[in-house]
Amino acid sequence: MAVTSATEQGRLAGPLSMSVANLCHRLQAQVSPRTAAGFAEVLRRLGGPLQVAVAGRIKSGKSTLVNALIGRRVAPTDVGECTRLVTRFQYGTVDRVEIVFNDGRKQVLPFAADGMIPAELGIDIEKVSHIEAYLTNAVLQGMTVIDTPGLGSLDAASVSRTEQLLGAAKHRKPDDGEEDDSADSEGSDELDDTSRNAVAGAEAVLYVVTQGVRADDQQALAAFTAATASREAGPVNAIAVLNKADTIAPESVEGSGGDVWKAATLLSEKQAATLKPRVADVLPVIGLIAESAESGGFTSGDAEALRQLSEMDDDILETMLISADIFTSWDCDVAAGTRLRLLEKLDLFGVRFAVETIRAEPEITAGSLRRKLLDASGLEAVRQRLSIVFAARADGIKAAAALASVTALAHASGDPGERQRVHDAIEVLLAKPEAHQLRLLEALTLVASGAVDMPEDLSEEVLRVGSNADIGAQLGKPGASRTDLAAHALERAGWWRSFASFGATPAQSRVAHVVHRAYFLIWQQIRD
């Protein structure tokens, strides 16, 4: 029986991924060469970092947020040829950028003078599949970030490129230290389009909205999911951010008390209700300030210019901060070009915040001011949520995505016997106690997508139990004692078992049995 090697185990996210990898190894000899090639691609993706796609409408600030997350200003933020392409940012031991063409050719792309990927490539982009950017940034060791073209403005070619990239590693160049054995093996080059789409899909989604969010952003998120092989995004593998939070007029949000960040927080809560249950949460962020503070764009020279502004008369500075035009055209000691740079790095909100910080702490250093700006951007909260929703659950997310791909590959084969063998193997895996998390993720997805209709209060409970890593949050009792948590878990386990047997439809019953088991396992965990 083929098992996962020690080297492969070291690359997998956890025991669930390892179980799915072993399943793929065992089945490869029992299926057709085409399906086996698909399993090889599933294995490759299981061993890679979690793939997080940053999606959203055009001009929502996706690339700016990508730069902030990576900690380097490398993704072009102005409209250009590059922004019509999908760009994968992944870890590499040497910084390099490659253009990958539709026919598999690769062309090394030099960075622009400012260290970014050039916005204009100087080639026929209709012949380009995507861009691969390898960076030495440590954050990419655990997460591959995929920058996508803006939804709502994708032309057919951009859609096609998105589908091809997120589905296939056909043209992927092995990273440093890997062997390229595609020439003499049945690798993913053997995959047909149907099979390639079956293993497609980013495993997690960071969806970017702005204050102009529309009710159909729910459909836009679903459209992105469809472009990545119809793998449903839900509260386990999707969060959203309200970008450009500093542009919100606080008077337009009831209860804000005139505070911009309070207004952004309240608006985020409303947007969370709109996008529910496709996202776990909506968090406010100021991507521009985050990018400038995190990627080295904010310099000691900028801090000195802000210090000069802080020494100006209050009334004059208030007048200057009314608009960008007044701020850059006003006659003062700080050069107009310097003020324009401050606007490009911080916008008016960031300038005001920095000036107020300097006035409150006259001796503050440039480094400390940069950290204060980073705190004010909301990026750290987004990173923490990414860690909770994505990183901590990467094993389950990747294993569930891999099982979905394995199932799709079996169905695409057209061989009933092959399909049954794969189905039976998956059922054996899911029957194991340690695989219950996969059952719970499956149940959560069924409820979140509306495939299984549940009363609203029960849907809320399924979502809470399935999309939280902390036991107190799962049980809806944060801060409760272990005794209270154990009693509540046991009580809810009994209730869901009764509901499954007496009050549920067949579809609801299947979900209820999974939730009952989840509560029972939580109770056991608390007691141990």
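The values are calculated or read from the model by the stated rules, or taken from the named source; none is laboratory data. Everything numeric here is computed off the predicted structure, so don't read it as measured data. Don't worry about glycine lacking a Cβ; one is built from the backbone with ideal geometry, like all the others, and counts go over all protein chains shown.
Observations, loosely collected:
- Extreme residue, modelled with the lowest pLDDT, among residues of the stretch 249-275 that are within 21 Å of the chain's Cα centre (by Cα) and small (G, A, S): A273
- Selection status of A53, touching a residue at least 12 places away in the same chain (Cβ under 8 Å) and under 25 Å from G396 (Cα atoms): yes
- Pick from the stretch 333-379, criterion part of a loop (DSSP other than H, G, I, E, B) and crowded, with 16+ Cβ neighbours inside 10 Å, ranking: nearest to the chain's Cα centre (by Cα): G378
- Cβ-Cβ distances below 8 Å connect the following pairs, each with a first residue in the stretch 315-338 that is within 18 Å of G350 (Cα to Cα), a second residue that is among the aromatic types (F, W, Y), and a separation of six or more residues or different chains: I316/W330; T319/W330; M320/F327; M320/W330; L321/F327.
- Qualifying positions in the stretch 457-501 - within 27 Å of the chain's Cα centre (by Cα), more than 14 Å from W523 (Cα to Cα) and acidic (D, E): E460, E461
- Any hit, the stretch 328-350, residues being polar (S, T, N, Q) and under 30 Å from T136 (Cα atoms): no
- Near pairs, Cβ below 8 angstrom, 6+ apart or cross-chain, from the stretch 380-405 (assigned to a loop (DSSP other than H, G, I, E, B)) to any residue that is surrounded by 20 or more Cβ atoms within 10 Å (Cβ to Cβ) and not aliphatic (A, V, I, L, M): F390/N237
- Of the residues making up the stretch 90-127, those that are aliphatic (A, V, I, L, M) and without any contact (Cβ under 8 Å) to a residue 12 or more places away in the chain are A112, A113.
- Residue tally, condition surrounded by 13 or more Cβ atoms within 10 Å (Cβ to Cβ) and either outside the structural domain of L340 (by TED's automatic domain parsing) or in a helix (DSSP H, G or I) (or both), over the stretch 305-315: 6
- Subset of the stretch 380-404 that is within 12 Å of the chain's Cα centre (by Cα) and modelled with pLDDT of 85 or more - its residue that is surrounded by the fewest Cβ atoms within 10 Å (Cβ to Cβ): R383
- Any hit, the stretch 117-125, residues being within 22 Å of G296 (Cβ to Cβ) and at pLDDT 85 or above: yes
- Here the strands (runs of 3 or more DSSP E) wholly within the stretch 77-139 that include at least 1 residues being over 28 Å from I289 (Cα atoms) are 96-101, 106-108, 128-135.
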